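Peer 1: Quick one: the structure is below, questions incoming.
The values are calculated or read from the model by the stated rules, or taken from the named source; none is laboratory data. All figures in this text were calculated on a predicted structure; none of them were measured in a lab. Heads up, the Cβs are rebuilt from the backbone with ideal geometry, glycines too, and the neighbour counts pull from every protein chain shown.
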Amino acid sequence: MIRVLLVDDQSIVREGLASLLQTKPDLEIVGEAENGQVAVERSLELQPDVVLMDIRMPVMDGVAATRILTQQAPQIKILVLTTFDDDEYVTHAMSYGAKGYLLKDIPSEELAQAIRAVNRGYTQLGPGLLEKIIAAPVSQPIEPPPELATLTPREREVLQLIAKGYNNLEIAQHLYISERTVKNHVNSILRRLNLRDRTQAAIVATHYL
């Protein structure tokens, strides 16, 4: 049985996908998420085999969620399913670890076959998308935000461990410091970088550290 998590910001799309895929005897829908941040949280909690990931979503898009998940849970396969075939979306999603990129007009049986193939380790691309990846120019490295330079060496260590999925207790044990000290470092990191939560901090770390 292949365990699948559905990620899309439109509930009607998630319901439709669930209805289609649940008719396949070897596929099990284990959960849903309405944005990339929830997708990361639910994936780490439920440990699906395959995440069916939309791209454009509020809070956190599918590209950022893909990058975090491939860092924190590389055993989970990510298959992008979206209406957008923008060159940048395709190349970034694949370079960040997605195992496939399909468009939503794909027939349901082909989608089921793609999920099975991705679960076995194969790459799946919709028609014309391979050419987009090949033709895409090599992107220039993005300059890190200047606020990163304000972090202390210890705060950078903490930030790197956040990106690996460590909680405060695990960070404390890894760095041989108290959990309260870790909490103070985390609060300082969020304040200095003007971030809302640990998930945003993990995105910054995976992009720039």
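Peer 1: Of all the helices (runs of 4 or more DSSP H) wholly in the stretch 74-156, which have at least 2 residues that are at pLDDT 80 or above and touching a Lys or Arg at 6+ places or on another chain (Cβ under 8 Å)?
Peer 2: Once the helices (runs of 4 or more DSSP H) in the stretch 74-156 are filtered for at least 2 residues that are at pLDDT 80 or above and touching a Lys or Arg at 6+ places or on another chain (Cβ under 8 Å), what remains is 87-95, 108-119.
Peer 1: A further question follows. Among the residues of the stretch 59-72, write down those that are free of Cβ contacts under 8 Å to residues at least 60 places away in the same chain and buried (at least 18 other Cβ atoms within 10 Å of the Cβ).
Peer 2: Scanning the stretch 59-72 gives Asp61, Gly62, Val63, Ala65, Thr66, Leu69, Thr70.
Peer 1: Let me ask something else. Scan the stretch 73-110 residue by residue and report those that are surrounded by fewer than 20 Cβ atoms within 10 Å (Cβ to Cβ), within 15 Å of Val50 (Cα to Cα) and touching a helix residue (DSSP H, G or I) at 6+ places or on another chain (Cβ under 8 Å).
Peer 2: Scanning the stretch 73-110 gives Ala73, Gly97.
Peer 1: Which pairs do you get when a residue that is over 12 Å from Ala163 (Cα atoms) and in contact (Cβ under 8 Å) with a residue 24 or more places away in the chain, found in the stretch 188-202, comes within reach of a residue that is loosely packed, with under 15 Cβ neighbours inside 10 Å and hydroxyl-bearing (Ser, Thr, Tyr), reach meaning Cβ atoms under 7 angstrom, with the pair 6+ apart or on two chains?
Peer 2: As it stands, the answer is Arg192/Thr150, since those pairs meet every condition given.
Peer 1: Separate question: Could you tell me which of the residues Tyr96, Tyr101 is under 14 Å from Val118 (Cβ atoms), in the same structural domain as Ala18 (by TED's automatic domain parsing) and among the aromatic types (Phe, Trp, Tyr)?
Peer 2: Only one candidate passes the filter, namely Tyr101.
Peer 1: Could you please give the count of residues in the stretch 157-178 that are surrounded by 14 or more Cβ atoms within 10 Å (Cβ to Cβ) and in a helix (DSSP H, G or I)?
Peer 2: Residues in the stretch 157-178 being surrounded by 14 or more Cβ atoms within 10 Å (Cβ to Cβ) and in a helix (DSSP H, G or I): 13 in total.
Peer 1: Something else: Filter the stretch 77-120 down to residues that are aliphatic (A, V, I, L, M) and on the phi > 0 side of the Ramachandran plot, then give me how many there are.
Peer 2: Here the count works out to 0.
Peer 1: Taking the condition of being touching a residue at least 40 places away in the same chain (Cβ under 8 Å) and among the β-branched types (Val, Ile, Thr), how many residues in the stretch 33-58 meet it?
Peer 2: Within the stretch 33-58, residues that are touching a residue at least 40 places away in the same chain (Cβ under 8 Å) and among the β-branched types (Val, Ile, Thr) number 3.
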